[in-house]
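Here's the structure, in structure tokens; my notes come after.
The values are calculated or read from the model by the stated rules, or taken from the named source; none is laboratory data. This structure is a prediction, so every number in the text was calculated from the model and none was measured. Positions of Cβ are generated from backbone atoms using ideal geometry, with glycine treated the same way; all protein chains shown enter the neighbour counts. Heavy atoms of the whole protein, side chains included, go into the accessibility calculation; ligands, DNA and RNA do not. Shrake-Rupley method; radii C 1.70, N 1.55, O 1.52, S 1.80 Å.
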Amino acid sequence: DKEYPACLKELTAPPFVVFYKGDVSLLSLPKVTVVGSRNVCDYGKKTTQRITDVLKKRYVITSGLAKGVDAIAHESALNGGKTIAVVGHGLYYQYPYCNRHLYSAIEAGGLILSEFPFYTPVRKQNFPVRNRILAALGERLFVTQAALRSGTMLTVNYALEMDREIYSIPYPFDTTDGQGCNRLIDEGAQILYDFNQL
């Protein structure tokens, strides 16, 4: 129908249907996606907050409602901006439990999306599938912390398939927390080194 996000049709396998809670009109606004590690370091937390604080003035912030970078991005966006959360389970569940306060806040002032029916339980294999929707929704993808092997890299791959611009934060030499970010920059992602770039 007319509310189905046109950007999802760019996917090789778009979701047949999308379930939601909250303000579905946010899908028609300009959006960027912010993703990163669940185990976020201080540097990753600080840069995620600062980047989101700038971006939320012009864009709806989209992320995956996981621990770490996702939660930080949503929290920052809710403070004066708008946010969309894409989850990998049915909307009946609030996972992870530590983010249940975010579920309520986003449902009241943002939007929660899922391609899975209401009572679909949390299953590990559904989260990589969910990542393609994250990649599709945002006009650009911002990676603020990533290890070399992570779900974040799956989101990057989906974004590349749709010719989305990828932006990444540089990390100090030999820092395992951000090796994935440095790899992305080495492979051609836009390097974010100054907040004026935003």
key: Residues (in contact (Cβ under 8 Å) with a residue 24 or more places away in the chain and more than 30 Å from Lys2 (Cβ to Cβ)) located in segment 22-49   = Gly36, Ser37, Arg38, Asn39, Val40, Cys41, Tyr43, Gly44, Lys45, Thr47, Thr48, Gln49
remark   = Conditions (1) in contact (Cβ under 8 Å) with a residue 40 or more places away in the chain; (2) in contact with a Gly (Cβ under 9 Å, 6 or more places away or on another chain); (3) open to solvent by less than 10 Å² (accessible area, probe 1.4 Å) -> His74 fails only (1)
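Residues are listed down the side, and each one gets a yes or a no for (1) over 17 Å from the mean Cα position of the chain (by Cα); (2) of a type in the set (Asp, Glu); (3) over 15 Å from Arg130 (Cβ atoms):
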| site | (1), (2), (3) |
| --- | --- |
| Val35 | no, no, no |
| Asn39 | no, no, yes |
| Tyr59 | no, no, yes |
| Ile72 | no, no, yes |
| Gly80 | yes, no, yes |
| Ala85 | no, no, no |
| Gly90 | yes, no, no |
request  = Would you mind finding the one in Leu111, Leu102 that is touching a residue at least 60 places away in the same chain (Cβ under 8 Å) and open to solvent by less than 40 Å² (accessible area, probe 1.4 Å)?
outcome  = Leu111
query = Of all residues in segment 140-181, which are open to solvent by 40 Å² or more (accessible area, probe 1.4 Å) and of a type in the set (D, E, K, R)?
reply = Arg140, Arg149, Glu161, Asp163, Glu165, Asp174, Asp177
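Among the residues of segment 101-155 satisfying the criterion of being among the polar types (S, T, N, Q) and in a strand (DSSP E or B), which is farthest from Arg183 (Cα to Cα)? Even if it seems obvious, please write down each step before you answer.
Just the residues of segment 101-155 that are among the polar types (S, T, N, Q), to begin with: 104, 114, 120, 125-126, 131, 144-145, 150, 152, 155.
Filter once more, keeping what is in a strand (DSSP E or B): 114, 144-145.
Working: Ser114: 30, Thr144: 13, Gln145: 11 Å.
It comes out as Ser114.
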ask   = Within segment 77-93, how many residues are within 18 Å of Gly138 (Cβ to Cβ) and surrounded by fewer than 21 Cβ atoms within 10 Å (Cβ to Cβ)?
value = 2
